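Peer 1: Below is the structure I would like to discuss, written out as structure tokens.
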Amino acid sequence: MFLLSLIFSSDQVPAAEQDHPILIKGATIHTVSDGILENAEIIFDRGKIIDVGYQLSAMYKVERVDAYGKHIFPGLISAGSTLGLQEIGAVRATRDYAEVGDINPNVRANVSYNPDSELIPISRSNGILLALSVPRSGRISGTSSLMMLDGWTWEDATLKHPVGLHLFWPSMDQPKKKSEKKKKEHDKKDSRLKAIQKVNDLFQEARAYLKLKEN
């Protein structure tokens, strides 16, 4: 049973901090700005790419890894995601992207990030290495965090926080059926204007607070 659990486990062990440069040679490298480089080399140190090109091994003292016949692609970023904040959508206990209340500027996505999520290794295997995790409840849901999909804890995984404060604008949808249009359009417009006024009031209060704090 223990052996089977190891075989079918999808958890990935976070990598140790890189302590020396590594050069991958012989691969087909798909770059962002320079097209496709055949039989090229790429060197990285402390998790960051230093150089991409040809005959780099003669310029650096590095550990060499042969990758002939392999392809190297840029890592993808899952932008505007709930990755790490939600496990099973139908189970409320696993949805950590939502907080009680309509105005939550204090919410931080990275604190709720679950580095043991089963969705992380699946995303990594499909080339996603970073995720912009965004809280999604209320009008102002909180601040998003750029998370690395590699780390033992949320502190290890946090690449940048905060990235931005997220405001979900009131819906501008219109009724589809003509028979419903007149009444529903009036109700939605009234609800939308109230929501916009609430946002305006919030920003006015924030400016007043900042002014008092500076004085």
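Read the figures in this text as sums done on the coordinates, not as results from a lab. Small disclaimer: the values here were computed from a predicted structure and weren't measured. Please note: Cβ atoms are built from the backbone with ideal geometry, for glycine as well, and neighbour counts cover all protein chains shown.
Peer 1: Among Thr82, Thr28, Thr143, determine the one that fluctuates most according to a GNM of the chain built with springs between C-alpha atoms less than 10 Å apart.
Peer 2: Thr28
Peer 1: Can I ask one more? Using R₀ = 45 Å, calculate the FRET efficiency as 1/(1 + (r/R₀)^6) where r is the Cβ-Cβ separation of Arg64 and Glu118; round to 0.05.
Peer 2: Computed FRET efficiency for Arg64 and Glu118: 0.85.
Peer 1: What nm distance separates the two modelled labels at Met172 and Val111, each placed 7 Å from Cα along Cα→Cβ?
Peer 2: Modelled inter-label distance: 3.4 nm.
Peer 1: Okay, next question. Applying the Karplus parametrisation 6.51 cos²θ - 1.76 cosθ + 1.60 with θ = phi - 60° to the phi angles of the stretch 200-215, what ³J(HN,Hα) value in whole Hz is obtained for each residue in order, glycine and proline being reported as x?
Peer 2: After applying 6.51 cos²θ - 1.76 cosθ + 1.60, I find 4, 4, 4, 5, 5, 5, 5, 5, 5, 5, 5, 5, 5, 5, 5, 8 Hz.
Peer 1: Only counting other Cβ atoms within 10 Å, I'd like Phe44, Phe203 sorted with the fewest neighbours first. Working shown, then result.
Peer 2: Numbers: Phe44 16, Phe203 11.
With the sparsest Cβ surroundings first, the list reads Phe203, Phe44.
Peer 1: Further question on the same structure: What nm value, rounded to one decimal, do you get for the distance between Leu129 and Glu185 when each label is placed 7 Å out toward the C-beta?
Peer 2: Roughly 5.1 nm, to one decimal.
Peer 1: Under 5 Å between amide H atoms, partner at least 5 residues away or on a different chain: which partners does Leu132 have, H built in plane at 1.01 Å?
Peer 2: Ser78, Ala79, Gly80, Ser81, Met147
Peer 1: Take every DSSP beta bridge whose two residues both sit in the chain, then give the antiparallel share in percent to the nearest 5.
Peer 2: 65
Peer 1: Against the 2.2 N^0.38 Å scaling, with N counting residues, where does the stretch 76-167 land? I'd like the Cα-based Rg ratio to two decimal places.
Peer 2: 0.99
Peer 1: A further question follows. Just from its helices, what would the mean residue ellipticity at 222 nm be for the chain, if runs of 4 or more DSSP H residues each count -39500 (n - 2.57) and the sum is divided by every residue, rounded to the nearest 500 deg cm²/dmol? Please list the in-between numbers first.
Peer 2: Details: 5 runs with 59 residues, N = 215.
So the helix-based figure for the chain works out to -8500 deg cm²/dmol.
Peer 1: Also, I was wondering about something else. Among Val52, Thr158, Ser141, which residue has its Cα furthest toward the positive end of the charge dipole of the chain, with +1 on Lys/Arg Cβ and -1 on Asp/Glu Cβ?
Peer 2: Ser141
Peer 1: Could you check which residue among Ala157, Ala67, Ala109 shows the biggest mean-square fluctuation in a GNM of the chain with a 10 Å Cα cutoff?
Peer 2: Ranking Ala157, Ala67, Ala109 by mean-square fluctuation puts Ala67 first.
Peer 1: Using 0.36 nm per residue, how much length does the chain from Thr94 to Arg46 gain when fully extended, once their Cα-Cα distance is taken away?
Peer 2: Values: separation 48, 0.36 × 48 = 17.28 nm, distance 3.34 nm.
That pair, Thr94 and Arg46, stretches by 13.9 nm at full extension.
Peer 1: Under the 0.36 nm per residue contour assumption, what length would be gained going from the current alpha-carbon distance of Leu165 and Ile77 to full extension?
Peer 2: 29.8 nm
Peer 1: In addition: Using each residue's phi in the stretch 159-169, evaluate 6.51 cos²θ - 1.76 cosθ + 1.60 at θ = phi - 60° and report the 3J(HN,Hα) Karplus result to the nearest Hz, with x for Gly and Pro.
Peer 2: Result, ordered by residue: 8, 8, 8, x, 8, x, 8, 9, 10, 9, 5 Hz.
Peer 1: Using a 10 angstrom cutoff on alpha carbons, build the Gaussian network for the chain and name the most mobile of Tyr113, Tyr97, Tyr60.
Peer 2: Highest fluctuation among the options: Tyr60.
Peer 1: Calculate the all-directions average of the projected area of the chain's alpha-carbon convex hull, and give it in nm².
Peer 2: 20.4
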